[in-house]
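Some notes on the structure that comes next.
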Amino acid sequence: MTTIKPLTTLLVALGISSLSFAQSKGMDWPVLKTYDQDHIQKIKMPVGGIGTGTISLTGRGSLEDWEIMNRPAKGFNPTLENRGPVKQKGPFFAIYIEDRKGETQTRLLEGPSDEAYYEGAWGATSNNHGLPRFGHAEFKTAYPFGQVFLSDDDLPVDVVVGAFNPLIPGKIDDSSIPMAILNYTVKNTIDQDITISLTGSIQNFIGFDGKRGEAIKNINTYREDDGVKGIHYTTNGVDPESEQWGTMSFVSLNEGTTTYRTAWQPMTSRWDKKRLEFWDDFSTDGMLEPRVNEKANAPMGSLAVKTILKAGESRNFQFLISWNFPNRQTWDKPGFQELIKATVGNYYATKYSDSWDVISKTLPRLGELETSTKTFVNALIESDIPEEIKEASLFNLAHLRTQLVFRIKSGHLLGWEGIFDDYGSCFGSCTHVWNYEQTTAFLFGDLAKTMRDVEYNYATDDDGLMSFRVYLPLDQGQKWGKAAADGQMGSIMKFYREWQLSGDDAFLKKHWLKVKKTLEFCWIPGGWDADKNGVMEGSQHNTMDVEYFGPNPQMGFWYLGALKASEEMATYLGDNAFANTCKNLFKNGSEWMDTNLFNGEYYEQHIQPPMSADNVAESLIGATDSKNAIDFTSPDFQLGKGVLVDQLVGQMFAHIVGLGYLGNEDNIKKTLESIMKYNYVENMASHTNFHRSYAIGDESALLMAAYPGERPEKPFPYYSEVMTGFEYSAAIGMLQEGQTENGLLSIRNVRDRYDGKKRSPFNEAEAGHHYARSMVAWAGILATTGFQYSAVEKSMTFTSKPGTYYWSNGYSYGTCEVKNKEAVLKVISGDLSLEQFTLKGVGTKKLKKQTIQSGETISIKL
């Protein structure tokens, strides 16, 4: 037992008041949505930084899915000495309560177990299923803040379990800290003082990531450094070169009597009673007696803090969990890149020597980081943006902080398409999936630029073929060697977006020759537009994982968007000949599609199979293993006359970056109306689907494709499915065209499916958890606010509809209050260069050349 000096001493030394840092936290966090006890079963909110891995806070208050060792680990709750679902006894927090009569109670700091896990061959299978807990739980959240409100009629306390990790637009390192910050706000609900003690226990599982590796000779060390007290987890046996090697730390930032264990008692028989012994020890007086277990390869570490809580008093208890696992290796999805093994490292690990260093460097700024995060979240959720759009945009932002993405040692951001339970889904920052994602560019612009650097500096060869999956290490980036028509054209539009948002001419000039080459690649013999007429007719590998043969709207609008973006960039650089080529191809292609593909209601595909298999050998650019299955006289897996849900995704993107209409405006609007007419299903129980079910039963959704008329015998494989990223793309297009009711309904339907009861609100899936495409949801904010920004022209645009709107451009963020013909523009963080400001439908105001600095507000009257 150790009594440590008051935390106040440390906080004063750090320039932080104990009241602002340690009192009443958790109760003043932003809340966008509340989930009652009937809708918390599936909630798992990732808590961690960008590219660092995460731990998830569940809807009942437990910490699960410990995904911190470089790989996905869904369902992993470190329990190395008692493996198996029946004996899951993962990390937990508990509270001891003693009233003045000496009556005591001990409970897990969690709400009721999920009834879905009550039944099993050996009984219940949920984590720590047999331990007593609170009777009622409610979850409140505005990502990245999560709060579980616990109460029980038989207890004299209410508890709020809170967790978050800093998230600040434009501040990449501040949003990439490998840490979970936990707050336990305990309120004494009776009129007498009580004694309470909080304890947390986490096993030292270094070496084992849930599937791979082994914990060997791990060591827990109790440390007190400048008032910070906790357990540092290391290892003397795990290979220092392995992915699972690293350090962890678990610290308490609380005043009171602190006791701890660096191990639990040894296992003495097959009937393991060390948890009983721990529970008995803690429940006796709320304090922990030390134990020694020199034979444990994965020793348990526990901290407890005991204090008096006065009648009616609320007090916050704060704990930090940090980690540092530097040895990330290459993609390792089964069947992909298994022969290339190399360590590419983690960028975050270059910032910290170990997990204790994470705490040492973060703690002095913790209050500031929390305040800045709250400021961002409040600016968004308090703005006049529809609730369903705020929810979809903010909650899908969680994906950016899961094992979906990582930053290698060089700082480049890469990502899977999604993640499965214990490995990634579809490797290589797949261009035709990441085309849809808008979150990174508008919140962390420099990160988005690293993805473009991967595409043009490493994945593109001298002929302009961009591998739509990039290998690692990056010097092997072109090894995939296959191009995707939509991925390659979308990458040009993404590059244009990054240049516009950053105004970085050096970035444009560095990559322009490769950008130009990737467009010229369309015109090679056997290519997508071999006759160079502005229309894609060739074999077009695409995000449906098939090849489209013949002109179609999905590839067609991506191509038109790439042509228009390339024209803009070429003109800026003085490459007039190339700009004219792009301009002419765009004009011809756009007119041709409106004349030939628009059928009066929507755009359809004209299937044009190659004349022979010999011709196909050259034209199957990007073809997959499906090549051998293609009937070249009448190819399967085509769209045909179907109504494709995202046929206008290229148009949607063009509006986001200010490129205007790619086709006839009336046709665009009519197409979106037709998508709602034909693809919308009110009740999925009436729908026939032979593939994956992401919407089912009485849920409502937009189908991938509908066939009001002729349907190919074998349409593209996903035609009968529902996938949220595609639904968002259509819905955002509707919002852009003023079809607000339909757009909001479609977004609301998605979020109703992720209601906490059936699915986690923080885990929209497609081919894997946390699917990257769903981060297109951020564009809903852009569509409803009318926000556009160009750092090249130093211009900003907003809707003229009165209201206060959140905005961000990847480097700065703030709010804009629109009233009559006036805008009050506030920059909350970052600096903003601005020379002209436009309210749509009102006019444009030229401004004196100026930079609006962080914290400044200006009034603009038009």
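At R0 = 60 Å, how high is the FRET efficiency between Ile190 and Glu665 if r is their beta carbon distance? Nearest 0.05 is fine. Calculated value: 0.35.
How would you order 418-429, 129-140, 763-774 from highest to lowest mean count of nearby Cβ atoms within 10 Å?
On the way: 418-429: 21.9, 129-140: 18.5, 763-774: 25.7.
Per-residue Cβ counts within 10 Å, averaged per peptide and sorted highest first, yield 763-774, 418-429, 129-140.
Roughly what percent of Cα-Cα pairs across the stretch 522-612 reach past 19 Å? Within the stretch 522-612, distances greater than 19 Å cover 40 percent of Cα pairs. The H on the amide N of Glu766, modeled in the peptide plane, is under 5 Å from the matching H of Tyr771, each at least 5 residues off or on a different chain. Taking Cβ atoms as reference points and 10 Å as the exclusive limit, the residues near Ser197 contribute a net charge of -1, counting Lys and Arg as +1 and Asp and Glu as -1.
Comparing Cα centroids, the stretch 102-119 and the stretch 754-782 end up 30 angstrom apart. Cβ-to-Cβ counts within 10 Å put Lys89, Lys295 in ascending order as Lys295, Lys89, the fewest first. A crude spin-label estimate for the pair Thr688 and Val31, with each label 7 Å from Cα along the Cβ direction, gives 4.7 nm.
Built from the Cα atoms of the stretch 2-366, the convex hull projects on average onto 19.0 nm², one quarter of its surface area. Residue ranges 734-745, 391-402 sort as 391-402, 734-745 when ordered by packing (mean number of other C-beta atoms within 10 Å per residue, highest first).
Hey, what number do you get for the chain at 222 nm if only DSSP H runs of n ≥ 4 count, each worth -39500 (n - 2.57), divided across all residues, to the nearest 500? Counting only the DSSP helices, I get -7500 deg cm²/dmol. Return the FRET efficiency for the residue pair Thr104, Val292: r is the Cβ-Cβ distance, R0 is 45 Å, and the value is rounded to the nearest 0.05. For R0 = 45 Å, the calculated efficiency reads 0.95. Computed extension gain for Thr857 through Lys509, at 0.36 nm per residue and net of the alpha carbon distance, reaches 121.9 nm. Distance from the Cα centroid of the stretch 476-502 to that of the stretch 838-862 is 33 Å (rounded to whole angstrom). Of [x] 0.98; [y] 1.13; [z] 1.18, which is the value of Cα Rg over 2.2 N^0.38 Å derived from the coordinates here? Working out Cα Rg over 2.2 N^0.38 Å from the coordinates points to [x]. The 3J(HN,Hα) values that the Karplus relation (6.51, -1.76, 1.60; θ = phi - 60°) gives for the stretch 666-676 are, in residue order, 5, 5, 4, 4, 5, 4, 5, 4, 6, 4, 5 Hz. Gly and Pro appear as x.
Packing-based ranking of 818-825, 691-698, 747-754, 108-115 yields 747-754, 108-115, 818-825, 691-698, ordered from highest to lowest mean Cβ neighbour count within 10 Å. The angle between the Cα long axis of helix 553-573 and the longest principal axis of the Cα atoms of the chain comes to about 90 degrees, rounded to the nearest 10.
Here, P(r) means the percent of Cα pairs in each 10 Å bin from 0 to the largest distance; for the stretch 788-861 it is 20, 62, 17.
Here, each number is a calculation from the coordinates, and none is a lab measurement. Since we're looking at a predicted model, the values are computed, not measured. Positions of Cβ are generated from backbone atoms using ideal geometry, with glycine treated the same way; all protein chains shown enter the neighbour counts.
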